[in-house]
Structures are given as structure tokens and as C-alpha cells.
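The values are calculated or read from the model by the stated rules, or taken from the named source; none is laboratory data. Since the structure is predicted, the reported quantities are computational estimates derived from the model, not experimental observations. Counting neighbours? That spans all protein chains shown, and the Cβs are built from the backbone with ideal geometry, glycine included. These accessible areas exclude ligands, DNA and RNA; they are computed on the full protein's heavy atoms, side chains included. Shrake-Rupley method; radii C 1.70, N 1.55, O 1.52, S 1.80 Å.
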Amino acid sequence: MNIIDGKKISHSLLLELRKTIVDKNITPGLAIVLVGNDPASHLYVEKKEEAAKKIGMDFNRYLSVETTPEKEIIDCIQFLNKDPDIHGIIVQLPLPGNLNTDAIIKAIDPQKDADGFHPENLSCLLANKHCPPPVTAASALECLKASGEPLSNKKVAVVSKSDILYTPLQYLLKAEGAVTEHFTELDTNIKKYDHIIIALGQPKCLTKQYIKEGAVVVDIGIHRLTGDEDSIEIVGDVDYENVKDHVTAITPVPGGVGPVTVAMLLKNTVDNCLKLQQ
Ligand code: GUN
């Protein structure tokens, strides 16, 4: 069984970005809007800051308390939209429940979208135009490709509740010659598929009974489980121990899709910077 090393993939993407920044003599600027004090979100933002600084990108955090009104957050985004030194804007998700995530994401200038979550960028991707791809879908594909297994004419099951991940993944996988099917819950039919990408949000739910022997499995889920004496275990949607000897390749959690996603959003920011400076 091959472990798909997300840290290694991320490292080589970051080296390429560092080279572009030096060669083109640019200083891309990234801004992260973080609302509330969810410890996991703060940890993810720290990882993004660390990676941004490593490649020579300017990094700015805009922190606000959980009770901040939606208008104030949108005003902050509009201020960042106008700032010529900012080329990438991220609103860290999930937002507190009182805020309308769609309205807030829509306030980001699509040309400064670092996550590729803006609906205009999704339409643009589907219309085959160059625009920032959604980072989660792009990272899952990068991990699947890193397995070294061919994708052409292969069947890939995407297991996720919503279309937000499936739609761009279907498009990106089609470009690789693969056929995709969307499953919104676990289903024994998934076993007929050559590869599986899962983002169901249920810890350790994917076991070998759903997986074709020799498949590649990409796990987008991430959960913090509290064990005895408050110990914390980080796990994905896949029951890793149960499936590891049954698959050809698998992404671990942590250290799989997560680090690649960070590199992808920095890549979108560098690409945005190059485009905006043309
Ligand atoms: N929360 C967890 N992952 C992500 C991500 O890739 N982007 C944003 N904006 N929030 C997240």
C-alpha cells in the first residue's frame, strides 16, 4: 500500500511558487478573514500563514469576534477588494451560524478569490476558462494523480453531501479521461468504482466493505476526536486501519489532502497577482 504524502506534494508545489515569486520579482499579498475563536480554524490559519511566509508572500490576518455583524465582514472584504497590495482573499470556514456564508463569499472580488469558492469562478471553470480552481477539488485531484495510477477510462466515486465539491471534481476528472458518479451517502455500489474521493463529514465511516480491492482512496474529511483523558485524535472519513491493506494507495489524515490545499490556495494567489499586474 502506497501512502500518498500530501506534505511532500505540498513542498514541491511551494518550491515552484517560491521560484515564480523570485523570478517574476513579485510580492503577492494574501488576506485571511477569520471570525470567532474556533481552535481548529485558528490552527489552519496558522498553517496558511507559515506556508505563505515561507515562499515570500505577504500575509495579513483580519480577526473579528463571533458576534460581528455580517455588514462589517462584507465591508472588510470590500476594503480588501480595493487594496492593490492584496491578490488573494480567504474567508476561513465554517463561519459562525448567524452569518450567511454564500453572501460573504460572493462579496470577494472573483479576481482575488484564493479558495476558488466564488460562484463566478466555478462557472468560469466549467466554461473552460482560466480562473482560480476550487482548492479542495484541485487538491483531491492532485493527490489522486500522485498515486501514479492511471485515470483515463477509470470510474471514480465522489462521496459527499453537496454538489459544491462534486461539480468541479467531475469537470477536473473528465479532463483526465475519468468518469465520475456522485454518492451523497455510503452505498455498497461504491465498491464497483476504481477510485474513491470522500468528503462525507463522518469520522472513519468508509470501511473496506465499500472499497474495491486495489482502489485509490482520497480522504478529504478531518475530525478531532476526544479520547480518554482529553487526548485528541485527528482522523478522516476513512477507517484507515481497516482499509490500509486493501487499497493500492491512500491519503492519510493528517498529512494528506490538507497540506496540498494550503499550497493550492497560495498558487491561486500567485496566479491572481500575475494576472492583476498584467
Ligand atoms: N476551512 C477548512 N478548509 C478550508 C479551506 O480550504 N478554505 C476555507 N476558506 N476555509 C476552510
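State yes or no: is ASP228 at pLDDT 95 or above and of a type in the set (Asp, Glu)? Spell out the reasoning first.
Working: at pLDDT 95 or above: no; of a type in the set (Asp, Glu): yes.
No; evaluated as a whole, the condition is false for this residue.
Of all residues in segment 185-222, those that are surrounded by 15 or more Cβ atoms within 10 Å (Cβ to Cβ), touching a Phe, Trp or Tyr at 6+ places or on another chain (Cβ under 8 Å) and in a loop (DSSP other than H, G, I, E, B) total 4.
For segment 125-137, the criterion of being under 20 Å from ALA199 (Cα atoms), open to solvent by 30 Å² or more (accessible area, probe 1.4 Å) and not small (Gly, Ala, Ser) is met by at least one residue.
The set of residues from segment 223-245 being open to solvent by less than 60 Å² (accessible area, probe 1.4 Å) and hydrophobic (A, V, I, L, M, F, W, C) comprises LEU225, ILE234, VAL235, VAL238, VAL243.
Looking at VAL217, VAL262, VAL238, VAL253 in this structure, which one is in contact with a Cys (Cβ under 9 Å, 6 or more places away or on another chain) and either in contact (Cβ under 8 Å) with a residue 24 or more places away in the chain or over 24 Å from GLY116 (Cβ atoms) (or both)? Walk me through it before giving the result.
Details: VAL217 fails: in contact with a Cys (Cβ under 9 Å, 6 or more places away or on another chain); VAL262 fails: in contact with a Cys (Cβ under 9 Å, 6 or more places away or on another chain); VAL253 fails: in contact with a Cys (Cβ under 9 Å, 6 or more places away or on another chain).
Checking each option against the conditions leaves just VAL238.
Restricting attention to segment 64-115 and to residues that are of a type in the set (Lys, Arg) and over 16 Å from GLN277 (Cα atoms), the residue that is nearest to the ligand (Cβ to nearest atom) turns out to be LYS106.
Out of all the residues in segment 126-164, which are in a helix (DSSP H, G or I), within 16 Å of the ligand (Cβ to nearest atom) and modelled with pLDDT under 95? So that I can check it myself, show each step before the final result.
Filtering segment 126-164 for residues in a helix (DSSP H, G or I) gives 126, 135-146, 163-164.
With within 16 Å of the ligand (Cβ to nearest atom) added as a condition, the list becomes 135-143, 164.
Once the filter is applied, which keeps residues that are in a helix (DSSP H, G or I), within 16 Å of the ligand (Cβ to nearest atom) and modelled with pLDDT under 95, segment 126-164 yields only ILE164.
Does GLU176 satisfy being acidic (Asp, Glu) and surrounded by fewer than 19 Cβ atoms within 10 Å (Cβ to Cβ)? It is true that GLU176 is acidic (Asp, Glu) and surrounded by fewer than 19 Cβ atoms within 10 Å (Cβ to Cβ).
Within segment 95-107, how many residues are open to solvent by 40 Å² or more (accessible area, probe 1.4 Å) and in a helix (DSSP H, G or I)?
3
One line per residue, one yes/no per condition, for (1) open to solvent by less than 20 Å² (accessible area, probe 1.4 Å); (2) part of a strand (DSSP E or B); (3) among the hydroxyl-bearing types (Ser, Thr, Tyr); (4) more than 15 Å from the ligand (Cβ to nearest atom):
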{"position": "VAL247", "(1), (2), (3), (4)": "yes, no, no, yes"}
{"position": "VAL253", "(1), (2), (3), (4)": "no, no, no, no"}
{"position": "LEU265", "(1), (2), (3), (4)": "yes, no, no, no"}
{"position": "VAL270", "(1), (2), (3), (4)": "yes, no, no, yes"}
{"position": "LYS275", "(1), (2), (3), (4)": "no, no, no, yes"}
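Of all residues in segment 232-245, those being more than 16 Å from the ligand (Cβ to nearest atom) and either over 23 Å from GLU149 (Cβ atoms) or touching a helix residue (DSSP H, G or I) at 6+ places or on another chain (Cβ under 7 Å) (or both) number 4.
All of ILE108, ILE90, ILE86 fail the test of being over 18 Å from the mean Cα position of the chain (by Cα) and not acidic (Asp, Glu), apart from ILE86.
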